[in-house]
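The structure appears below as structure tokens.
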Amino acid sequence: MKELVRSKLAQAVKELYGIEAPDFKVEKPKDEKLGDIATNIAFLLSKSLKRNPNEIAGDLANKLSEDDTFESAEAVRGFVNLKFSKGFLLSEFRKLLSEGEGYFKEDLGKGLKVQLEFVSANPTGPLHLGHGRGAVVGDTLARLFRFYGFDATREYYINDAGRQVYLLGVSVLYRYLELLGEEEKRPDIKELFEEEGYRGEYVIDIAKALLEAVGDSLLSENNVLEAKERILSFGFEFPLEYTSRFSPEKEPEVELCSAFGLDMMMEEIREDLSYMGIDFDVWFSERSLYERGLVEKLIEELKGKGYVYEAEGALWLKTSEFGDDKDRVLRKSDGSYTYFSSDIAYHWDKFKRGFEKVIDLWGADHHGYVPRVKAALRMLNIPEDWLEVYLVQMVKLFRGGKEVKMSKRAGTFVPLRELLEEVGPDAVRFVFLTKRSDTPLDFDVDVVKEKSSDNPVFYVQYAHARISGVFREVKERLGLDPEGEDFSGFLDHLEEDIELKLMKKSLMMKDELIEVTLRRDPHLITYLLIDLAGLFHYYYNHYRIIGSEEGVMKGRLALLKGVRTAIGLSLKLIGVSAPERM
RNA sequence: GGGCCCGUAGCUCAGCAGGACAGAGCAGGGGAUUUCUAAUCCCCAGGUCGGAGGUUCGAGUCCUCCCGGGCCCGCCA
């Protein structure tokens, strides 16, 4: 509707002054008493027309009051305030009723290929709350992008290369030996585990599964290949991708533990995500970049452009020439590559795969990492605005008014699964979207478990369920079917201001969702939902549907149907269920 | 020392590509239940938008400085 108003204003400016309108704002006024839509256009025109803003606003208001889209158009202190006419709102609302969710659609993306990379947690431990938040924000953005005509891909980057994976193997092996009472036999493993190992209980779980599958056959290095076969034939319910690819090189027993650990962890991560309703389209392996020689190729490419030099036995990239604080190491003096190298290679690969826009969600602790990646991309002649990075801040969990800091299972952090099991995916998703993702979030478990208006998730879902309840009741008592029958013709019978307001808010949801998408602010959807649900609850408490005069009742049923569509769609876009009853 | 983020009602936070008297929920006080789900609704009270300057017709929103809090500054990932 904003676009419609915008074009009418631009048209009016042209007719009145014979000039093109500047880039003006069309927005909801802070105070709804002022009207439905306001614009600052007169302020912007006042300079070029050399006239007082309020006079210009007056001209425009006069012009627009002739338009039957508007009930009124007024100039107030330089603003043009517009109020939609009842006729216009009714005809829009009828469109909503006949088109359903389709009414809210718009082809903004025109098929633009967008990739969203998020979560990408190291597969060396369970997902924690911060990962969950990134997952929800990323997935919601993906849903919005798809709804608005973008060709969006969800991708998870698996850091399955490098030292962390080796350390996972060491940790699993140590716990395995411990289970057999043999840890003293490998002082090298014990020492490394104690210094840098993963200490969470989940490693013991992996070791137990391993022990069950292979018995003590890993005690002797000669049996590693045999152990691999035993794992593969043991009948785990998850794909043993890493294990099956494993081939013995140096320290084969550690490597086998790594591979098996990766398989188990990735399975757990996939389960958590899918429990939250998130399915990735692509699981991209860091290791595959090395296997394809892409990291070497990248370095050759950068060398060819003259951005690489050698110093102190390492290979450096001149990122400082592109806005970074200092140059960064690509290849360490021991010959291994940094995470940075593979990460540039990864983004280079994304570019070559034809993504026209890439959005990364990273943990906020990576913020110092942004300039160097952007610097590298510029060296590769990748456009500045191709990559958008959003940082996701951490989540603190509160229970009984106190912060929950640790978990036995994960060690130093609270695993996402614990929260999911306690409050369910709907609450988790909703609450993760109640704050801007780049600021820290406090998650109060107790609030979300309450079944009252204190709990925003239930509050919104309840509005949806209530409408469904009315529809059920109408069907049973009167044999009417608001879902199937078309009552939109009875909207004329509605006389109350609040009914028009409910229509307006439902219709405006389209503009709001579009703005949320373009500004990448998915958290605002929860506020929009609370707002609309609140207005509905008020209405429900003050006006009866069943028992009103027949025309009014049918009009109200049509109204509720449209409101439910707006709520249902918004819930769907944030991935929260819209229950028929509660 | 440098960088990023934050500081809005007692609490948790919206609002920040400048705009009209600063919003919501919770907590606090008072009310509504012969009813389509009270898992709801209504009313009241509550703020010098951390502080000081600046830009502007107009600043919670932009700029500078200061104060307070969090996070990051590795040939780790």
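Taking Cα centroids, how far is the range A:257-288 from the range A:99-119 in Å? A separation of 26 Å, based on Cα centres. Based on C-alpha pairs under 8 angstrom that are at least 6 apart in sequence, the range A:2-84 has a relative contact order of 27 percent.
Note on A:K190: lysines with a C-alpha under 29 Å away, same-chain residues under 8 apart excluded, are A:K208, A:K228, A:K250, A:K332, A:K405, A:K408.
Distance distribution P(r), the range A:292-392, all Cα-Cα pairs, bin width 5 angstrom from 0: 3, 12, 25, 26, 21, 10, 4, 0 percent. Can you work out the base-10 log of I(q)/I(0) for the range A:497-580 at q = 0.13, 0.20, 0.23 1/Å, using the Debye formula on its C-alpha atoms alone? Each listed q maps to, in turn, -0.43, -0.91, -1.12.
Putting +1 on Lys and Arg Cβ atoms and -1 on Asp and Glu Cβ atoms, find which of A:V457, A:A142, A:P482 reaches farthest to the positive end of the dipole of chain A. The one lying farthest along the dipole's positive direction is A:P482.
Suppose every K and R has +1 on its Cβ and every D and E has -1 on its Cβ; what is the size of the dipole of chain A about the Cα centre, in Debye to the nearest 20?
Working: 82 positive and 104 negative charges, 372 e Å.
Value, rounded to 20: 1780 debye.
If I take every Cα pair under 8 Å that is 6 or more residues apart in chain A, average their sequence separation and divide by the length, what percent do I get for the relative contact order? Write out the running numbers ahead of the final one.
Details: 911 pairs, mean separation 83.3, N = 582.
Reported relative contact order: 14 percent.
Ligands, DNA and RNA aside, A:Y198 has an accessible area near 60 Å² when probed at 1.4 Å.
Among the GluC sites (Glu not before Pro) found in the range A:396-488, those both in a DSSP coil and sparsely packed, with 16 or fewer other Cβ atoms within 10 Å of their Cβ, are A:E450, A:E483, A:E485. Place a point 7 Å from Cα of A:F322 in the direction of its Cβ. Which residues in the range A:338-377 have their backbone N less than 11 Å from it? Hits in the range A:338-377 for A:F322 at 11 Å: A:344-345, A:348, A:371-377. Taking the DSSP beta bridges with both ends in chain A, the antiparallel portion is around 50 percent.
The mean sequence separation of alpha-carbon pairs under 8 Å and at least six residues apart, normalised by the residue count of the range A:456-573, gives a relative contact order of 44 percent. What is the log10 of I(q)/I(0) for the range A:2-84, computed with the Debye formula using one identical point scatterer on each Cα and no solvent, at q = 0.16, 0.18 Å⁻¹? So the normalised log intensities work out to -0.49, -0.64.
Can you compute log10 of I(q)/I(0) for chain A with the Debye formula, treating each Cα as one identical point scatterer, at q = 0.05, 0.07 Å⁻¹? Debye intensities relative to I(0), on a log10 scale: -0.31, -0.57.
So what is the calculated 222 nm ellipticity per residue for chain A, using -39500 (n - 2.57) for each DSSP H run with n of 4 or more, over all residues, to the nearest 500 deg cm²/dmol? Mind showing how you got there, number by number?
Details: 21 runs with 303 residues, N = 582.
Only helices count here, giving -17000 deg cm²/dmol.
Structure note, pairs A:K305/A:K374; A:K2/A:K510; A:K83/A:K105: Cα-Cα distances above 19 angstrom occur for A:K83/A:K105.
Can you spot the aspartates and glutamates whose alpha carbon is less than 18 Å from A:K318's alpha carbon? Ignore those fewer than 8 places along the same chain. Within reach: A:E296, A:E300, A:E301, A:E310, A:D327, A:D343, A:E384. Loop-located trypsin sites (Lys or Arg not before Pro) in the range A:339-395 (DSSP state other than H, G, I, E, B) with a sparse environment of at most 16 neighbouring Cβ atoms within 10 Å: A:R353.
The values are calculated or read from the model by the stated rules, or taken from the named source; none is laboratory data. Computed from a prediction, not measured in an experiment: that's the story for all the values here. Note that each Cβ is placed from the backbone with ideal geometry, even for glycine, and that neighbours are counted across all protein chains shown. Note: accessible area is taken over every heavy atom of the protein model, side chains too, but ligands, DNA and RNA are not part of it. Shrake-Rupley method; radii C 1.70, N 1.55, O 1.52, S 1.80 Å.
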